Amino acid sequence: MAKIEKFVFDENIPTVVETTYFDKWPVVYVINDDEEVYIGETIDISQRTSQHLKKKEKQRLKYLHLISDDDYNKSVILDLESFLIKYFSADNKFITQNVSSGHPHNFYNRSKYQERFEDIWQQLLNDKLVSNSIKDIENSTLFKYSPYKSLSDDQNKVISDLISYILSNYQNNNKQTYLVNGGAGTGKTVVAMMLLKLLTDFKRDLSDEDFESDDILYKELQAKRIPEDFKVGLVIPMDNLRSTLKDVTKSIKSLKGLVYSPTDISKTSKDYFDLLIVDEAHRLRKAKNLTNVRAFYDANLRLGFDEKDGTELDWIKYCSKQQVLFYDRIQSIKKTDIGYDKFNEIIGNQYIELQLHKQHRCMGGNDYINYVKDIFNNQAITKKDIDNYGFEDTYDLKIFDDVNEMINEIIVNNEKYGLCRNVAGYAWKWISKKDKSKYDFDFNGIKYQWNNKVNNWVNSNSSINEIGSIHTIQGFDLNYCGVILGNDIGYDKINHKIIIRKDNYYDAKGKADTKIEDLETYIKNIYLVLLTRGIMGTYIYVCDKDLREYLREYVK
């Protein structure tokens with residue numbers, strides 16, 4: 001079993017650990033004070049602590065914790081280091097100083113060693129060095145959006161290409177827009193966060209001891225160096241997701257204060273930012289069907305646009321020299337969104353396009369995502385069996401005849417796995433918004449309310465007993481998602497196609513002055529988003545009997 005030893009981190013520590021670890025055995029170490037933490041690995045702890053003591057930001061740290069085991073080798077400590085960086089940053093007790101997330105890789109008997117990591121974490125919990133269990137951390141938004149996660153080859157390629165383009169255009173004083181296309185679950189937010197962290201970390205001088213691994217991407221960036229005066233920010237159009245990512249960046253030393261709303265950006269000036277990274281760019285808004293439209297008009301006038309014609313994308317382009325836009329056309333869900341045609345008009349035809357292909361959220365992979373898209377786009381899949389999509393053995397997909405049974409199944413799964421919620425399309429009036437004593441849903445005498453809050457609803461104590469709307473869940477992951485398809489969507493048995501019923505859609509702002517064909521797109525997109533939130537599975541209840549029968553043909 002691994003042992004954890006605690007030392008005072010001061011000028012004597014290189015000599016102290018040299019005596020204790022004279023044979024230069026591989027170890028993982030944690031250095032901390034009351035606010036900050038740094039995690040690393042080495043086979044020469046005496047030399048490494050000497051190097052750290054020369055760094056100003058590490059000199060103020062107070063304690064050194066050494067984690068060792070007679071069975072450790074270099075591969076094991078690389079893996080453990082990466083594990084601890086990810087979990088410490090999401091535990092949120094300390095601000096994390098680390099630049100990289102380590103460099104885990106496959107090796108002989110890896111699973112055997114990883115089984116012991118939970119014991120190490122429990123020791124750290126007992127010593128009050130961390131605050132949360134592994135399960136709680138893994139279900140937290142801080143963990144899911146952490147820039148310390150290991151990326152796929154697909155994601156690393158996009159980041160590497162973007163950084164090359166961005167630095168080249170910066171050096172040549174060129175303006176440029178980059179459009180990163182990626183469907184649900186391709187990791188757009190994680191890539192955006194990682195890009196922000198890299199461009200921020202590499203503004204400062206970094207030496208080899210700042211890299212506790214042989215990560216190639218970090219070594220390439222070390223050589224390139226980001227200019228000190230390079231000004232970068234991350235823009236999140238949606239209040240809910242923006243609030244979450246602000247919480248994430250609070251625990252990472254280099255990212256505090258770098259998450260903005262489009263309105264924040266409108267209060268700056270022309271070319272104020274060298275680069276703006278925009279996540280969920282399909283949710284950028286225009287001056288249409290807004291609740292507080294006067295503030296939007298004022299922002300337009302402030303930047304020199306016509307008060308009604310400027311959009312949030314116009315603000316971003318005006319206030320930055322370069323822009324990275326993470327975009328998914330089918331996640332535009334209401335009239336206030338700029339829309340595909342207008343979006344393309346604003347970015348012009350000189351943008352550089354990149355693509356995230358691989359689906360990372362759901363265990364059904366791209367097969368499940370394509371299956372859902374095909375059904376809602378009325379594709380001719382009537383002769384195909386679900387086996388053709390290849391996700392049945394890896395993904396838990398069920399259709400229920402009883403909505404209360406489905407809701408209860410999600411509650412049971414939440415007890416087992418955590419982070420399971422029920423959501424619905426906007427096909428019920430939101431009565432409880434003005435009167436908390438009233439209910440919005442009545443399913444055979446069992447009553448429920450819509451979400452009592454929007455920001456961070458997923459993690460609120462009451463959320464498991466409520467029904468979440470699209471605005472609580474877009475951009476977020478769940479372990480299991482129960483989706484209620486309301487009477488705003490149905491199935492035409494004569495013409496064999498999915499139909500939309502405008503009168504049963506209760507988002508007044510969402511459907512005001514909206515053409516029926518546009519509303520059809522928005523409602524379908526809402527259900528596509530809801531049906532692609534679940535990592536382990538999706539449970540479905542359909543109010544429209546004909547649509548339920550149609551979907552049942554494709555779900556065993």
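Read the figures in this text as sums done on the coordinates, not as results from a lab. These numbers come from a predicted model, not from an experiment. Positions of Cβ are generated from backbone atoms using ideal geometry, with glycine treated the same way; all protein chains shown enter the neighbour counts.
Listing for the model above:
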read-out: Mean Cα-pair separation over length for the chain, i.e. relative contact order, pairs under 8 Å, 6 or more apart, %; value: 12
read-out: Beta bridges by DSSP in the chain, antiparallel share as percent, to the nearest 5; value: 35
read-out: Note, ³J(HN,Hα) from phi for region 53-61, Karplus 6.51, -1.76, 1.60, rounded to Hz, x at Gly and Pro; value: 5, 7, 8, 4, 6, 9, 4, 7, 6
read-out: The chain - mean residue ellipticity at 222 nm from DSSP helices (-39,500 (n - 2.57) per run, n ≥ 4, rounded to 500); value: -10500 deg cm²/dmol
read-out: Order of Met406, Met536, Met193, Met1 - criterion: other Cβ atoms within 10 Å of each residue's Cβ, fewest first; value: Met1, Met536, Met406, Met193
read-out: Sequence-distant lysines (8 or more away, or on other chains) whose Cα lies within less than 20 Å of Lys429; value: Lys334, Lys335, Lys438, Lys447, Lys453, Lys502, Lys509, Lys511, Lys524
read-out: Efficiency of FRET from Cβ geometry, Lys509 and Ala295, R₀ 22 Å, rounded to 0.05; value: 0.90
read-out: Ranked list, fewest to most other Cβ atoms within 10 Å of each Cβ, for Asp154, Asp401, Asp79; value: Asp401, Asp154, Asp79
read-out: Virtual spin-label span in nm between Lys74 and Lys175, 7 Å along Cα→Cβ; value: 5.0
read-out: Estimated distance in nm for a label pair at Val8 and Ser150, the labels positioned 7 Å out from Cα along Cα-to-Cβ; value: 3.9
read-out: Two-decimal log10 I(q)/I(0) for region 3-144, as the Debye equation yields it once each C-alpha is a single scatterer, q = 0.16 Å⁻¹; value: -0.83
read-out: FRET efficiency, 1/(1 + (r/R0)^6) with R0 25 Å, evaluated for Asn452 and Arg302 via beta carbons; value: 0.10
read-out: Computed lengthening from Asp229 to Ser261, 0.36 nm per intervening residue step minus Cα-Cα distance; value: 9.3 nm
read-out: Overall dimensions of the chain as given by Cα atoms, namely Rg and Dmax in Å; value: 25.2, 83
read-out: Cβ-based exposure ranking for Lys342, Lys86, in which fewest neighbours within 10 Å come first; value: Lys342, Lys86
read-out: Karplus 3J(HN,Hα) series, Hz, for region 129-140 with 6.51 cos²θ - 1.76 cosθ + 1.60 (x for Gly, Pro); value: 7, 10, 10, 10, 6, 4, 4, 5, 5, 5, 8, 8
read-out: Net charge contributed by nearby residues that have their C-beta within less than 12 Å of Lys502 (K/R +1, D/E -1); value: -3
read-out: Antiparallel DSSP beta bridges within region 3-144, as percent of all bridges there, nearest 5; value: 90
read-out: ³J(HN,Hα) computed for each position of region 273-280 - Karplus, 6.51 cos²θ - 1.76 cosθ + 1.60, integer Hz, glycine/proline x; value: 9, 6, 8, 10, 9, 10, 8, 6
read-out: Two-site FRET efficiency, Asp435 against Ser164, from Cβ-Cβ distance with R₀ of 41 Å, rounded to 0.05; value: 0.15
read-out: 11 Å beta-carbon shell around Asn181, net charge (K/R +1, D/E -1); value: 0
read-out: Distant-in-sequence amide H partners of Ile226 (H built 1.01 Å from N, under 5 Å); value: Lys203
read-out: Built amide H within the under 5 Å cut-off of Leu354, gap 5+; value: Leu179, Val180, Asn181
